[in-house]
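Please read through the structure below; I'll follow up with questions.
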Amino acid sequence: MARVFSGIQPTGEIHLGNYIGALRRFVPAQDVDDCVFCIVDLHAITLPQDPETLRAKTLDLAAIYLAAGIDPNRSTLFVQSHVHEHAELAWILNCFTTVGELRRMTQIKDKSARQEDVSVSAGLFDYPVLMAADILLYRTERVPVGDDQRQHLELTRDVAMRFNARFPDTFVLPEADIPTAEGGARIMDFQNPEAKMSKSADSPQGTVKVTDPPDVLRRKVKSAVTDSGREIVFREDKPAISNLLTVYSIATGRSIPEVEAEYAGKGYGEFKDVLADALVEFLRPLQERHRELLADPGEIARLLRVGAEKARALATVTLAEVYERVGFLSRG
Ligand code: TRP
């Protein structure tokens, strides 16, 4: 079994793009890989967060993972701040990363361009090093991430190689597992089919949350933008309908050609009606389970405690080796 590590921030809302592109695919992955799922609250506070909201979102995200079918007996699901080794390894790796490398990260460039340099926290600047620590602590072989995280994975490998050059065979070099256009359906914003559905996009109507109640789901499907013409076909010049076809195909488990054939000659309105129903049904089991779980927050907390213990058992081994190699005196 390959060790696979995935991190997700407890901010914003989990939407259809996250669910279809990542979360849902983790469920079968549990049969073949040794999966570690980390809710990265230390990363979340690199931007200002309201404490009570952060706490609630952390619990909610755990409930969504569990509701989606992450099995805490087979996988490790935990909260980053519950395993202090993440912060500790990040410190060590900071001493093996240059300021120049961090300045070249495009995400910080984008964020600081938007925010003005003076208000960017040192934590945000250092975000990629903490991410490297997350990955390297668990001797991770594969990291499923979106294309936007490619550069962070490269930095992780560079830092690991630099450390290994000094102290051989310390870290496993992780590979980024970035879904290809064909393999991992990219779900686009319902209001702007040129843009990926995104937590941070300023498009509440175009972002379908996995927890949206049926009436909201129906409304978002009905108000989704469509392309000119009226054919229901999957084609490059029809990004909006292609996106809706993708969602319908995944929600019903039917192939796109099959659906195209069925709706040939029918209009967008009719297709949107069946899509809305299919989406409601597709998300219903997750939503029911999510509600049940949230009714017992103590149980979620218990599962997260167990997850943190499993994670720590792995993390302490790596950190102890690193501490020994860099020359820290043993606690005895
Ligand atoms: N930076 C990732 C994102 O925004 C989240 C993340 C933090 C992560 N640590 C990670 C992803 C480790 C993969 C591995 O999507």
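The numbers here are math on the coordinates, done by the rules we state, and not lab data. Keep in mind that what you see is a predicted model, and the values were worked out from it rather than measured. Quick reminder, even Gly has a Cβ in these numbers, built from the backbone with ideal geometry, and neighbours come from all protein chains shown.
So how far apart, in nm, are the two label points at I256 and R162 if each is 7 Å from Cα heading toward Cβ?
About 4.2 nm, to one decimal.
Working out 0.36 nm times the residue gap between V225 and E321, then minus their Cα-Cα distance, what length gain in nm do you get to one decimal?
Working: separation 96, 0.36 × 96 = 34.56 nm, distance 5.45 nm.
Difference between extended and current length: 29.1 nm.
If you average the sequence gap of Cα pairs under 8 Å that are 6 or more apart and divide by the length of the stretch 214-291, what percent do you get for the contact order?
Values: 68 pairs, mean separation 28.6, N = 78.
Computed over the stretch 214-291, the figure is 37 percent.
Express the Stokes-Einstein translational diffusion coefficient of the stretch 214-291 in µm² s⁻¹, to the nearest whole number, given a Kirkwood radius over alpha-carbon pairs, 10 °C and a viscosity of 1.306 mPa s.
On the way: Rh = 12.8 Å.
D, rounded to a whole number, is 124 µm²/s.
Something else now. HN-Hα J couplings of the stretch 28-44 from phi, Karplus 6.51/-1.76/1.60, θ = phi - 60°, integer Hz, Gly and Pro as x?
Karplus-based 3J(HN,Hα) across the stretch 28-44 equals x, 4, 5, 6, 10, 10, 9, 9, 10, 10, 10, 8, 8, 6, 5, 5, 4 Hz.
Reachable lysines from K220, Cα under 18 Å, same-chain residues fewer than 8 places away excluded?
K196, K199, K209, K272
So, R0 is 41 Å and r is the distance between the beta-carbons of E236 and L173; what FRET efficiency does that work out to, to 0.05? Walk me through the numbers before you get to the answer.
On the way: r = 37 Å, r/R0 = 0.90.
Here the calculated transfer efficiency is 0.65.
What FRET efficiency do you get for S203 and A56 if R0 is 25 Å and r is their Cβ-Cβ distance, rounded to the nearest 0.05? Walk me through the intermediate numbers first.
Details: r = 23 Å, r/R0 = 0.93.
So the FRET efficiency works out to roughly 0.60.
Further question: Rounded to two decimals, what is Rg over Rh for the chain when you use alpha-carbon atoms and the Kirkwood radius? Display every interim value, and only then the final one.
Numbers: Rg = 21.4 Å, Rh = 21.4 Å.
Ratio value, two decimals: 1.00.
Only four residue types carry charge here, +1 at the Cβ of Lys and Arg and -1 at the Cβ of Asp and Glu. Report the dipole size of the chain about the Cα centre in Debye, rounded to the nearest 20. Don't skip to the end; give the middle numbers.
Working: 40 positive and 49 negative charges, 59 e Å.
It comes to approximately 280 debye.
HN-Hα J couplings of the stretch 96-113 from phi, Karplus 6.51/-1.76/1.60, θ = phi - 60°, integer Hz, Gly and Pro as x?
Couplings: 10, 10, 9, 4, x, 4, 5, 5, 7, 5, 5, 5, 5, 4, 4, 5, 6, 5 Hz.
Using the Karplus curve 6.51 cos²θ - 1.76 cosθ + 1.60 with θ = phi - 60°, what ³J(HN,Hα) values do you get for each residue of the stretch 310-326, in whole Hz, with x for Gly and Pro?
5, 5, 5, 4, 7, 5, 4, 5, 4, 5, 4, 4, 5, 4, 5, 5, 6
Which distance in Å, rounded to a whole number, links the C-alpha centroids of the stretch 143-160 and the stretch 269-332?
One Cα centre to the other: 21 Å.
Would you compute, from DSSP H runs of 4+ residues alone, the mean residue ellipticity of the chain at 222 nm, taking -39500 (n - 2.57) per run and dividing by the full residue count, rounded to the nearest 500?
Numbers: 13 runs with 177 residues, N = 332.
Calculated at 222 nm, the ellipticity per residue is -17000 deg cm²/dmol.
Using a Gaussian network model of the chain with C-alpha springs under 10 Å, which one of H43, H84, H15 is most mobile by mean-square fluctuation?
Largest GNM mean-square fluctuation: H84.
Between F271, F37, F190, find the one with the highest GNM mean-square fluctuation for the chain; connect C-alpha pairs within less than 10 Å.
The residue that fluctuates most here is F271.
Check which residues have an amide H placed less than 5 Å from E175's amide H, if you skip close sequence neighbours.
Amide H to amide H, under 5 Å and 5 or more residues apart or across chains, E175 pairs with R142, V143.
With an 8 Å cut-off on Cα pairs and a minimum separation of 6 or more residues, tell me the relative contact order of the chain in percent.
Details: 459 pairs, mean separation 72.8, N = 332.
Reported relative contact order: 22 percent.
Order of C38, C95 from fewest to most other C-beta atoms within 10 Å?
Details: C38 26, C95 9.
Ascending Cβ contact count within 10 Å gives the list C95, C38.
What longest region of the chain stays clear of GluC sites (Glu not before Pro) that DSSP places outside H, G, I, E and B and that have at most 14 other Cβ atoms within 10 Å?
Values: sites that count: E116, E182, E194, E236.
With a cap of 14 other Cβ atoms within 10 Å, the longest stretch comes to 1-115.
If you don't mind, another one. Which residue fluctuates the most in the chain, going by a Gaussian network model with Cα springs under 10 Å, if the choices are A224, A133, A113?
Evaluated over the chain, the most mobile residue of the options is A113.
Right, another one. Got the relative contact order for the stretch 1-129 handy, in percent, Cα pairs under 8 Å and 6 or more residues apart?
After rounding, I find 28 percent.
Among T207, T156, V233, which residue has its Cα positioned farthest towards the positive end of the charge dipole of the chain, with +1 placed on the Cβ of Lys and Arg, -1 on the Cβ of Asp and Glu, and the dipole taken about the Cα centre?
It is T156.
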